[in-house]
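J.: Here you go, one structure.
The values are calculated or read from the model by the stated rules, or taken from the named source; none is laboratory data. What you see is a predicted model, and the numbers here were worked out from it, not measured in a lab. Because the Cβ atoms are built from the backbone with ideal geometry, glycine has one as well, and the counts that use them run over all protein chains shown.
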Amino acid sequence: MILKVNDLNVHYGVIHALKGVNIEVEEGQIVSLIGSNGAGKTSLLRTISGLIKASSGSIEYLSQEIVNPKHPELLPSTGLVQVPEGRKIFAGMSVYENLLMGAYLRKDKEGIKEDLANVYARFPILDQRKHQDAATLSGGEQQMLAISRALMAKPKLLLLDEPSMGLAPLLVKEIFNIIRDINASGTTILLVEQNAMQALRIADKAYVLETGTIVLQGTGQELLSSPEVQKVYLGG
Amino acid sequence: MLEFLNQIINGLSLGSIYALVALGYTMVYGIIRLINFAHGEIYMFGAFAGMLAITVLRLPFFLALIFAMVVSALLGVVIERVAYKPLRKSTKTAALITAIGISFLLQNVTAMVMGNNTSAFPQVFDQKVYDLGGIRINSLQILIFGVTIVLMFLLQFIVLKTKLGRAMRAVAVDKDASVLMGVNVDNTITITFAIGSALAAAAGVLIGLYHIRVVFWMGTAPGLKAFVAAVFGGIGSIPGAMIGGFAIGLMEALVAGYGGTMWSPYRDAVVYLLLIIVLLVKPSGLLGKNVKEKV
């Protein structure tokens, strides 16, 4: 078990955003978390990354308790890395500098160089534009950059928050292929998506989150064929 | 024409001072969206620190300059940690009022300790005036301009070429995303204050040397004008602050030189008039980005 979230509660003032959430991620899996806008998906990822405080509950990562860390910025060095919602690339910095930010906590210069070369090999467009302001990239390229930047941290568990958001269908397909590739090369993935169809297709396990509560769980296949999921999330 | 070139030289040395102070305003604004109105007092504090380093500690000038930069950086760090950091999540008005309060505090404490009257800044260099076919350059003007250019290069190197600089730029763009990369946001903000304060202190020492005196209220007007320079260049932009500082210095020198008895007494007013015009015509400044304020 690489990640185990137990009875997690998060409040924003009077709003109870997560109500006793339990999820488990096994090493090597792709686990998808689907749900509509405002269900609490992003809150869950942000709490795991230590950006927001849980009011109660536990988060075990590699058998270590990491809930409400004093130094959330040190989590990436343990291999817990998040690609945030909306990509959040650093505008005004070059593609290359953005990638270096991903390797911020790493000290192995040679390894960083090697991983940079791997990223450029995988995404030639980033190589071509490495000295360009990252803000000038298209949406799809920015998402590739955001994912590559996270890969520069050498993730063991990669948290992906809506990587397909705002992308054209063809690009969405490509992003999901990339996610599958990353998983195949040994990185565990926790994926948050509104695109339920694609997210369930690639998932070993999936959860449905509604207004802060897990209402359904199962394998990707099980949820794809579940009548409730079909009705609410797959449009019929 | 000669008169014009002489005024340009005056303007460049004056502008160096404004630019060094403007850099601190713009860096701090860039990273936490705070107009640090106590920044002019850091400049004043730096001038006193440099003066005391020379008179009491008997340090040679350049060591005194570095000493003043270091202690002012520490003061900047203490102010940030004690006064601003607890307000990071409060309204901007609260932080702004606190900055004004800190400004008064520093002035009054300095007046209490050092007295209300001006203190002499030791003349460590023999001032030479070089006459290049009618263009008069004072050796101190060369020193001011030279130190400023060196510090600007150093700053640009840190910001553009080092890991620390990348972290500073990343935090200025997006704090949460920076945390996800592994950046310690609080430390990065503190270092930004330290660097900005050190630059202001250098300006203070240079002006102390140039005007051969220091006094507790000396930071107010240059602080405000440097703020105008930062806004003129586009607040948040480091090259903008440099250009803005030199532009304000040149303008002031030209108004002083050519305004005659009619306008030259109003050279400060001209600077503020410029601020009003910039705010009306191009609110984001020369190099500022036209981004909507994040709330």
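J.: Scan the range B:163-182 for residues that are within 7 Å of chain A (Cβ to nearest Cβ) and within 17 Å of B:R88 (Cα to Cα) and report the count.
T.: The total comes to 4.
J.: While we're on this one: Looking at (1) more than 21 Å from A:L18 (Cβ to Cβ); (2) of a type outside the set (V, I, T); (3) outside any loop (DSSP other than H, G, I, E, B), which one does A:L209 not meet, given that it meets all the others?
T.: Among (1) more than 21 Å from A:L18 (Cβ to Cβ); (2) of a type outside the set (V, I, T); (3) outside any loop (DSSP other than H, G, I, E, B), A:L209 violates only (1).
J.: Could you list, in sequence order, the residues of the range B:56-93 that are of a type in the set (S, T, Y), touching a residue at least 24 places away in the same chain (Cβ under 8 Å) and more than 20 Å from B:T148 (Cβ to Cβ)?
T.: If the condition is that a residue be of a type in the set (S, T, Y), touching a residue at least 24 places away in the same chain (Cβ under 8 Å) and more than 20 Å from B:T148 (Cβ to Cβ), then B:Y84 is the only one that fits.
J.: A further question follows. Among the residues of the range A:176-184, are any among the polar types (S, T, N, Q), modelled with pLDDT of 95 or more, buried (at least 18 other Cβ atoms within 10 Å of the Cβ) and outside any strand (DSSP E or B)?
T.: Yes, that holds for at least one residue.
J.: Determine if the range B:219-232 includes at least one residue that is more than 28 Å from B:A49 (Cβ to Cβ) and either buried (at least 22 other Cβ atoms within 10 Å of the Cβ) or within 14 Å of another protein chain (Cβ to nearest Cβ) (or both).
T.: Scanning the range B:219-232 turns up at least one residue that is more than 28 Å from B:A49 (Cβ to Cβ) and either buried (at least 22 other Cβ atoms within 10 Å of the Cβ) or within 14 Å of another protein chain (Cβ to nearest Cβ) (or both).
J.: Residue check: is A:Y207 within 19 Å of A:L3 (Cα to Cα) and of a type outside the set (D, E)?
T.: So A:Y207 passes the test.
J.: Which fully enclosed strands (runs of 3 or more DSSP E) of the range A:20-135 have 3 or more residues being buried (at least 22 other Cβ atoms within 10 Å of the Cβ) and either at pLDDT 95 or above or within 14 Å of chain B (Cβ to nearest Cβ) (or both)?
T.: Those strands (runs of 3 or more DSSP E) span A:30-34, A:80-83.
J.: Now for a different question. In the range B:154-169, what count of residues is obtained for those that are under 18 Å from B:F193 (Cα atoms) and either among the small types (G, A, S) or free of Cβ contacts under 8 Å to residues at least 24 places away in the same chain (or both)?
T.: 9
Table: residues versus (1) modelled with pLDDT of 90 or more; (2) in contact with a strand residue (DSSP E or B) (Cβ under 7 Å, 6 or more places away or on another chain); (3) surrounded by fewer than 16 Cβ atoms within 10 Å (Cβ to Cβ).
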residue	(1), (2), (3)
B:G249	yes, no, no
B:A256	no, no, no
B:G260	no, no, yes
B:S264	no, no, yes
B:A269	no, no, yes
B:L274	no, no, no
B:K289	no, no, yes
B:V295	no, no, yes
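J.: Continuing with this model, one more query. Would you check if there is a residue in the range B:187-210 being more than 11 Å from chain A (Cβ to nearest Cβ), of a type in the set (S, T, Y), part of a helix (DSSP H, G or I) and buried (at least 22 other Cβ atoms within 10 Å of the Cβ)?
T.: Yes, that holds for at least one residue.
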